[in-house]
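For reference, the structure discussed in these notes is given below.
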Amino acid sequence: MIKLLGYIYYRFFSDGRKLALLALLLCLNLVSMYFALEIVPVTEYGEMFGKDGAYNRQSITDTVENAEEFYDNISFVYSIAEHDLKHAQGLFAEYDQNIITIYNSLRESIEFPDGNFTSSRFFLYNFDAAFIAAAAVLFAATIYTEDSALGLPLLVRTTKRGRNYLNIARQTALLIFTFTCTGFFIFIEFLVFGERLSFNAPVQTLPGMALCPYPMNIAQYLMVTYLTKSLMTALYIFICLFIIRSSENMIFCCGFSVVIGFLSVAASLISPASIFSVTNYIGIYKLFCVSPLFSSYAAVAIGNRLYPAIPVVYAASLILLATLFTTYIFIDPVNITKNQRVPEKKHVYVSASDNYSINITKKSKPRVISKPLFVHELYKCIYSTGVWVIITFAIIVSVYSAITSQVSELSANELAYHGYIEYYSGDTVAESLQTSLKTEDIYVTAGILEKKKELWYNAGKDFSAGIINLEEYDGILTECADAVIKRDAFRRVETYDKYLSKRQDAGFVYDTGWNELFLRDIDLSAYIAALLVSVGIFMIECEYRSSAYGFDVILRTTKRGRRETLRNKLCVLALCCLVLSAISESVSILSIMSSYPLPLMRASADSLMIFAKTPKNFTIIGMFILEELSKILGLAAFSFLFAGLSYIIKNRLAAVICGISILLLFQLVIGETVKIMSLYYNILTLSALAAAMLSVRITCRRWL
């Protein structure tokens, strides 16, 4: 067994490419953690006392900054549970009683000085799940698919005991690798970002852990985090083994693992109706985050009784993992147990004149199925140059950027502005048009808000001077509490009204979402992905050499072949640009639509102040379509430019460096000053098209 384990590890770690990929995953994880710790909010998992209870989590906090806040928070939880216990029945009565017992014991037993409270967000980072799972999938796919490539399944299919020992060795090696890899990732994360953690401090001092019902310190919680993440990663990879161990294609194995990962994340987003439901804990990613189990008291209802969620979840996970481990030992994959049928040769018997037969073996001719040249070029572009990896990574970056830049909740000022604009715009384009009556109403409303603002500012002085009594003072504070916010928001409405008064057929439109949509920066991940695709579309024919020259030299001898190849290469590049642009724009637009409404898209474009110089016959939806077409055209022009440039200079690295430099220059210098449909925008677009056409023209002349 030890020799088998050593052989498995030697075969994996002796491949420098695998080690480089593991190092890349580790580096990407650290980079992701660096950015995520700055923007990831403290997530509250689940609800205490039920989602629809009268006393939900409105006044309970998951993060405290000192001991006084901690004890007040626990006392508030205790008092709510006592109040609910008077009216609760069944499971909720048992739940409230458990909360009283647990948090009362915690309040009496835990002690800590204020100096131990930390603002470190180390334990809030959970995106390492993707990188640890990727490393485990890489190891599993390697040790199984390489065995198939070497023909090992055919050798061990006749030895039942040998198959069992090999299965045990591979699965044991996978478990050891999973636990070791998870620990190594967490250890490196702690070395880089865990300098502000105090091991002896209670876990309740961490952000998001103020309601943890267990009296443990940070060192113990770190160990629990390691064990939980390792267990959930092992469970995930053993579920993926259902296909990995039967497949001979590593790409298919990775794709199936990605699908399982997405399903796990989707299962983690399910919100069951009951806080006692087992479905709260069916998502592997949610359990990988650890916080849903330990951030507050969690219970599971089994047979009309409540049990703590942690032992139930751990027991179920261990049982499932042991079941899969045992099943994979004794049930072999299909590629080992199936009969490998060798195709029979066809025989033709020819009778001779002297009554004997000649046995002639007739070999079947290979079937050649010709595919269109476009399909061959697409396959070569996607798989030979690794475009599928580039596009996948670009999609992940785009989704991550959209999620992190999404506005979770509108500010009070923005909510007030939205309410006022919605009142003046109405539901149709005709109702949104600016009129003199709306101007008068805006003038009156501004005066009322200004008076309320002055009352709010002067209330304290008037009360101190005895001009108003306590009841009047409380009434002013209650009535005018939001006067300052509303007045500031209404100034935007006044500015908007002054702008519309100089326009014809323009109306009030809630413009915040539209401004976010039209003033977006270019998606750098999509452009970099397009750059990497474009520099390889022609260079692949120059770099892969079968003789002293590249294949492009051979193509020059075939007039029709080189023209068809060129045309199909350009079509493949255009298709890749279209896919990249569609995915990037869809993610960005959906992110904005989830934060802001986009009303009255058929209104005149000059209803938005950013389109003050736009012709009157343009609508907002027309400008949106025009902008999307220009973005697609810009990405295509950029791609065609560097596809030709890379072939002209015959240097892929130089073309990539040049392209990234231009992108950074545009983002830092030009992108801040160029607005859509402006003169500079049109000049820049035409210049990019001209450069792309010139580059493609030179490439065509050299290719043809």
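The values are calculated or read from the model by the stated rules, or taken from the named source; none is laboratory data. Keep in mind that what you see is a predicted model, and the values were worked out from it rather than measured. Note that each Cβ is placed from the backbone with ideal geometry, even for glycine, and that neighbours are counted across all protein chains shown. Please note that ligands, DNA and RNA were not included when accessible areas were found on the heavy atoms of the full protein model with its side chains. Shrake-Rupley method; radii C 1.70, N 1.55, O 1.52, S 1.80 Å.
Report the gain in length on full extension from Met1 to Thr180: 0.36 nm times residue separation, minus Cα-Cα distance, nm rounded to one decimal.
62.5 nm
Determine, for each peptide in 505-511, 626-632, the mean count of other beta carbons within 10 angstrom over its residues, then list the peptides with the highest first.
Packing proxy ranking, top to bottom: 505-511, 626-632.
With the other protein chains left in place, how much accessible area per residue, in square angstrom, belongs to the stretch 417-515 at a 1.4 angstrom probe?
Using a 1.4 Å probe on heavy atoms only, each residue of the stretch 417-515 averages 59 Å².
Return the subset of Lys569/Lys650; Lys86/Lys286; Lys438/Lys616; Lys452/Lys613; Lys498/Lys613 for which the Cα-Cα distance in this structure is over 26 Å, preserving the input order.
The pairs that break the limit, which is 26 Å between Cα atoms, are Lys86/Lys286; Lys452/Lys613.
How compact and how long is the stretch 232-313, expressed as Rg and Dmax of its alpha-carbon atoms in Å?
15.2, 47
Got a number for carbon plus sulfur as a percent of the stretch 556-636's accessible area, 1.4 Å probe?
The C+S portion of the solvent-accessible surface of the stretch 556-636 is 67 percent.
Please calculate how many Å² of accessible area the stretch 184-303 carries per residue, with a 1.4 Å probe and no DNA, RNA or ligand atoms counted.
39
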